[in-house]
Amino acid sequence: MKKTRKVLAVLLTIILTLGLAACGGGGGSDSSGGTGDGTSITLFNSKNEIQEQFEELAKQYEEQTGVHVEVYYSQDTVSAHLATKYASKSPYTINMVDPKDIYTLGKQYGADMSGYDWVADTDYAITVDGKVLGFPTCIEARGILYNADAIKRVTGKDFDPSSINTLDDFKAFLDELVAGGMESPTAILKPDWSLAAHYLQQVYEEREDPEAFIQGLYAGEVDLMQDAKFNALMDTFDTLKAYNMFKAGAISAEDELVHQAMSEGQDAFQFGGCWEWNDILTYDYTGNIGIMPGPQNVQDAYTGMLVGGGSKYFYVDGSEYTSEADQKAAMDFLNWLATSDEGKTFVSETCGMVSPFRSNTVPCSNDIGVVVKQYVDAGKLVPNYDYDPDDHYSKLGIEMQKYLADQCTREELAAAIQNYWATTTPVEH
Amino acid sequence: MKRNTFSYKVKQYLMFGGVGTFLFCAVVIVPFIYGIYLTFTSWDGVSRDKPLVGFANYAAAFKDADFWMAMGRTVIYSVFAVVFINILAFAMAYLVTSGVKGQNFFRAGFFVPNLIGGIVLGYIWKFVFNRAFVAIGNAITGGTTTSLLATPRGAMFCLIFASVWQYAGYMMLIYVAGFMSVSDSLKEAAMIDGCTPAQAMRNVTIPLMRSSFVQCIFLSITRCFVIYDVNLSLTKGEPFGESVMAAMHVYNTAFTYKRYGQGQAEALILFIVCAIIGVTQEWIGKKGEVEA
């Protein structure tokens, strides 16, 4: 008995010591960085859906150049995740972030990429204080998604999105669908980012000088109820609401259900964008899904245009934690991503993203992306406004959700939006 | 060798508690103190400079209406959850110590929910509330039933329900230990003296189990106050941000709104509130403890 206990004690001690040693060892090997002969850099990818493809691409790149690119992904909030990396003094060499992060994170840590071939090949690079800091991964645009097959099934005719220009056209068309047997032809995603950062955002973006409008909101000088654009977009929103197939549970309808309905043609229209492609593909996709501008009764310079721009930007860490050689390797990799045939195929075909580079003529494998690309090429894209305060989408998302669930009137929504901006510290940029 | 010298005691302490103390300092005390320092800065979470701003973050935290709403919600949630967790746990413990058939199976079964992580558990219940219950409701009424998660009160109910389901089994184990610690002879003596089983339970068993109650209530209060994972996966603060609990608000302030200092200050306030309630409860509970 005594002996067993002794043996057990010794065993436990060994296990615990080994455990500690392993923890210590793990930390140590992390900082060494290199894998031996070749250069090794790290890349943080914040698009979950392309993680595997990215790892595959990194392998290709290593075979060609000998430079090892380790691709990481994290479920965590991007800024929170990068904060821990900086706090531990081991940031990624290349970081994929949202455009607004380039103005904060990129400005502090980013390395200047000017002079590379890709810079002249795009309109979407982000330049801060004369330094090219943001490398655009793709273009994303917002509008009304439609399922042309579902529509054809009801109307018997091929759907021509250009036939719908005004809200009245849209309403008439929806009524036709209802008469044809499709009870509820629309759907609305309920998350705050979709309602506030994507839909409401259009109120700021579809005007000549969004910056001046935002400054007016900060100063409390804007009366949204008197604003034609706000009312026009809300009228369209009301229409989407009226025909919403998830009307009974508008704010509990999970994204999956909304995407499934669009993918399988249970409904015909949904407010969304090209990033939803992968979600839509998950179901029994009927094919023939496209995107069109949100029809409004106010006709102006933005009629017939999608809203969007560069989305998900890479910046190369230029802080003291990353050596010059690694920075150079990182920039070379990004340049390769934009200019090589492999890189172009990766963006457009493998990942189905809309390339922000003019020289990329590889056809996009994403049905929605194909349409977006046409709008981009025709210059019919209203640019994004990237300087919202960080709590904008969540705070006003709540207000939009209330409006979606008929818990508040348009006046109350307008007042809440105005109040939010008037009580928020302006974002410096 | 003298055993009552200071250096001998220090050495003895270091030998047994040195590693533990070091680790505790490294992962709890040091970050805690550093966290307090951060509450005096306007750090955004990532930038290099952490400008000192004095007590501005505390002022902002006290003025942050959303934070106090979240705090109020957390108190309401905790009260209901703690009461139901303990009632249910006690009842289950009574059941599985009363000699019913297959009580070991029940013990294991009731404990299982506690083995499922909060995030997974939240998603499971989300599915049940959003799909299963709605489908059953539709089938019964023939109309459209709205999900409980679509209304603020319903979401609160779902959170309490899921937490009770998660923790009751764990607390049950502590109550089971309590029941087992009360010797049968005492109950028998009470019965011989003319007590009914209910009286014996009220006057003999429960007072002797007081330490189990103190522990269970302390554990459930402190866990409920800092609920985050179930909150995130089950409701994500929806609908209309009316199920955002204090911890989620702190996270959002610090990481989503990038006001790290303010978030940290709010976290400290949450900690203090939690500590005061926990310690007071423990103190009151311990005061009247009876030893057999």
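FYI, it's all coordinate maths here, none of it is from the lab. Note that the structure is predicted; figures quoted are calculated from it, not measured. No Cβ is skipped: glycine too gets one built from the backbone with ideal geometry, and neighbour counts run over all protein chains shown.
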Dipole of the protein assembly as shown (Lys/Arg Cβ +1, Asp/Glu Cβ -1, origin at the Cα centre): which of A:TRP277, A:SER46, B:GLY194 lies farthest to the positive side?
-> B:GLY194
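Averaged over its residues, how many other protein chain Cβ atoms are within 10 Å of peptide A:401-408's Cβ atoms? Walk me through the numbers on the way to the answer.
Values: counts 4, 3, 0, 1, 5, 0, 3, 1.
Average neighbour count from other chains, rounded to a whole number: 2.
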Between rounded, prolate and oblate, where does segment A:173-283 land on the alpha carbon gyration tensor, with a ≥ b ≥ c its root eigenvalues, rounded for a/c under 1.5, else prolate if a/b exceeds b/c?
-> prolate
Pairs of Cα atoms farther than 21 Å apart, segment A:270-429, % = 65 percent
Where Rh is the Kirkwood radius over Cα pairs, Rg/Rh for the protein assembly as shown | 1.02
Cα-centred dipole magnitude for chain A, charges only on beta-carbon of K, R (+1) and D, E (-1), debye, nearest 20 | 1620 debye
Between the helical axis of A:78-87 and the dominant principal axis of chain A, each derived from Cα atoms, what acute angle in degrees is found, rounded to the nearest 10?
-> 20 degrees
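Kindly identify chain B as rounded, prolate or oblate by the Cα gyration tensor criterion: order the square roots of the eigenvalues as a ≥ b ≥ c, call it rounded if a/c is under 1.5, otherwise compare a/b with b/c, prolate if a/b is larger, else oblate.
Working: a/c = 2.27, a/b = 1.11, b/c = 2.04.
Oblate, because a/c is 1.5 or more while a/b does not exceed b/c.
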So which DSSP H runs in chain B come out at 18 Å plus along the axis (Cα) with average Kyte-Doolittle of at least 1.0?
-> B:65-97, B:152-181
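Report the FRET efficiency, 1/(1 + (r/R0)^6), for A:THR424 and A:GLN60, where r is their Cβ-Cβ distance and R0 is 60 Å, rounded to 0.05.
Working: r = 46 Å, r/R0 = 0.76.
Calculated value: 0.85.
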At q = 0.10, 0.11, 0.19, 0.22 Å⁻¹, what is the base-10 log of I(q)/I(0) for segment A:53-183 according to the Debye formula with one equal point scatterer per Cα and no solvent? Please give it to two decimals.
-> -0.61, -0.68, -1.11, -1.41
Ranked by Cβ crowding within 10 angstrom, fewest neighbours first, how are B:TRP43, B:TRP283, A:TRP275 ordered?
-> B:TRP283, A:TRP275, B:TRP43
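With +1 on each Lys and Arg Cβ and -1 on each Asp and Glu Cβ, and nothing else charged, work out how big the dipole of the protein assembly as shown is about its Cα centre, in Debye to the nearest 20. Let's see the in-between values first.
Working: 52 positive and 79 negative charges, 1006 e Å.
About 4840 debye.
Indicate the gyration tensor shape class of chain A (rounded, prolate or oblate), computed on the Cα atoms with a ≥ b ≥ c the square roots of the eigenvalues: a/c under 1.5 is rounded; otherwise a/b larger than b/c is prolate and the rest oblate.
On the way: a/c = 1.74, a/b = 1.63, b/c = 1.07.
Cα axes put chain A in the prolate bin.
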Binning at 10 Å from 0, report for segment B:98-192 what percent of all alpha-carbon pair distances ends up in each bin.
-> 14, 30, 25, 18, 10, 4
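Could you pull out the chymotrypsin sites (Phe, Trp or Tyr not before Pro) across segment B:80-173 that fall in loop regions by DSSP (anything but H, G, I, E, B) with no more than 10 other Cβ atoms inside 10 Å?
Details: sites: B:PHE80, B:PHE84, B:PHE90, B:TYR94, B:PHE105, B:PHE106, B:PHE110, B:PHE111, B:TYR123, B:TRP125, B:PHE127, B:PHE129, B:PHE133, B:PHE157, B:PHE161, B:TRP165, B:TYR167, B:TYR170; in loops: none.
Answer in residue order: no site qualifies.
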Residues of type lysines that B:LYS258 reaches as a straight line, Cα spacing below 23 Å, ignoring anything fewer than 8 places off in the same chain | A:LYS47, A:LYS85, A:LYS89, A:LYS100, A:LYS107, A:LYS312, A:LYS395, B:LYS50, B:LYS63, B:LYS236
Leading residue at positive end of dipole, the protein assembly as shown (Cβ point charges), from B:LEU173, B:ILE76, A:PHE170 | B:LEU173
When all C-alpha to C-alpha distances in segment B:22-122 are sorted into bins of 5 Å, what percent of pairs does each bin hold, rounded to whole numbers?
-> 2, 9, 9, 11, 12, 13, 12, 10, 8, 6, 4, 3, 1, 0
Long-range HN-HN contacts of A:CYS138 with modeled amide H, under 5 Å | A:SER311
Taking every alpha carbon pair in segment A:101-244 and sorting the distances into 10 angstrom bins from 0 up to the bin holding the longest one, the percent per bin comes out as 9, 26, 27, 22, 13, 3
